[in-house]
Amino acid sequence: SLPDDWNSRWPEYSGAVWYRIDWRHGCGGAPAGQAALAVESIVMAGEIHLNDDLLWRDASLIEPLSRSWNMPRYWRLPQSSVRDGLNTLWIRVTGVAGQTPGLGPVHLGEPEALLRDHEMREWRNRTLFLVNLVISATLGALFFFLWAMQPRQSSHGWYALTALFWVLFCANVLTISPWPFGTTLMAARANTVALTLHIACFCLF
């Protein structure tokens, strides 16, 4: 069942796992091809095949892995690949132990309805975080300049550092690769350090 975290079955396993989803199309007289697919998350990177055709593949399926864990995706399924009756989705997921590797909810259905749901997920999972980062960076820059003009006002400096480390921590939600780090685990450790420094600076502020 989805969402799936394979840590519960294979603790400490890092590597690739294939998910197979069989589904029927054409019930009720719907013309073949009028179908769409939405995937909420792939942790950490993956590729998707529809029957015998490659539908999509992440930029990197080896370290440094692409980061699709918070990237909702949507496709209109090509009419040439969809069969009347039984179809099969093959989803390959490459994950890292300790990073909740697995596959999020998968939706198949009418394109317009799935697109509306996908746009809402994109707003909630990515756009809101981007707005938060822009506001945090702007406030952090403002308080940095206030501190630079009056260094004795140390609270301004601590707030600027608080905002800086929050931006670094929260950027983890939006990045699609672990750059500048070489592996997924290195990026995760750096993210933990950023959170720790954010909390420390906030307490001092």
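The values are calculated or read from the model by the stated rules, or taken from the named source; none is laboratory data. Everything quoted here is computed from the prediction, not taken from an experiment. All Cβ positions, glycine included, derive from the backbone under ideal geometry; neighbour counts span all protein chains shown. The protein model used for the area step is the full one, side chains on, heavy atoms only, and it has no ligands, DNA or RNA in it. Shrake-Rupley method; radii C 1.70, N 1.55, O 1.52, S 1.80 Å.
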Response to the item:
Placing +1 on each Lys and Arg Cβ and -1 on each Asp and Glu Cβ in the chain, then taking the dipole about the Cα centre, the residue among 55, 178, 159 whose Cα reaches farthest towards the positive end is 159
Worksheet, complete the sentence: Each label sits 7 Å from Cα toward the beta-carbon; between residue 76 and residue 137 the label points are separated, in nm, by 3.3
Item to complete: From largest accessible area down, sort 119, 63, 40; use a 1.4 Å probe on the protein chains.
Response: 119, 63, 40
Worksheet item: For helix 128-149, what angle does its Cα long axis make with the longest principal axis of the chain, in degrees from 0 to 90 and rounded to 10?
Response: 10
Practice prompt. State, to one decimal in nm, how far the label point of residue 146 lies from the label point of residue 123, with both points 7 Å from Cα in the Cβ direction.
Written response: 3.2
Fill in: For the stretch 111-123, 3J(HN,Hα) per residue [Karplus equation, 6.51 cos²θ - 1.76 cosθ + 1.60, θ = phi - 60°, Hz, x = Gly/Pro]
x, 5, 5, 5, 5, 4, 5, 5, 5, 5, 5, 5, 5
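Within the chain, what percent of beta bridges assigned by DSSP are antiparallel, to the nearest 5? Please list the in-between numbers first.
Details: 33 of 33 bridges.
Of the beta bridges lying entirely in the chain, close to 100 percent run antiparallel.
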Worksheet entry | Rg [Å, one decimal], Dmax [Å, integer] - the stretch 49-118, C-alpha atoms | 13.8, 40
Fill in: Euclidean distance of C-alpha centroids, the stretch 35-64 and the stretch 114-179, integer Å
29
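So if I take the alpha carbon set of the stretch 82-156, get Rg, then get Rh from the Kirkwood formula, what is the Rg over Rh ratio?
1.29
Roughly how many Å² is the accessible area per residue of the stretch 1-139, as a whole number, for a 1.4 Å probe? List each step's numbers first, then the result.
Values: 7260 Å² over 139 residues.
Dividing the accessible area of the stretch 1-139 by its residue count gives 52 Å².
Can you pull the percent of the stretch 51-205's accessible area that's carbon plus sulfur, 1.4 Å probe, other chains left in place?
Numbers: 5910 of 8920 Å².
Here it works out to 66 percent.
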Worksheet, complete the sentence: Computed for the stretch 2-125: size of charge dipole around the Cα centre, +1 on C-beta of each Lys and Arg, -1 on C-beta of each Asp and Glu, debye to nearest 20, value 20
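Kindly state, as a whole number, the per residue volume in cubic angstrom of the convex hull around the alpha carbon atoms of the stretch 1-123. Present the calculation step by step, with values, prior to reporting the outcome.
Numbers: hull volume 12.7 nm³, N = 123.
Dividing the Cα hull volume of the stretch 1-123 by its residue count gives 104 Å³.
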Worksheet entry | Which labelled figure in [x] 43; [y] 50; [z] 36 is percent of Cα pairs over 25 Å apart, once derived from the coordinates | [y]
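Multiplying the sequence separation of residue 171 and residue 116 by 0.36 nm and subtracting their Cα-Cα distance, what value in nm do you get?
Numbers: separation 55, 0.36 × 55 = 19.80 nm, distance 2.55 nm.
This chain segment gains 17.3 nm when fully extended.
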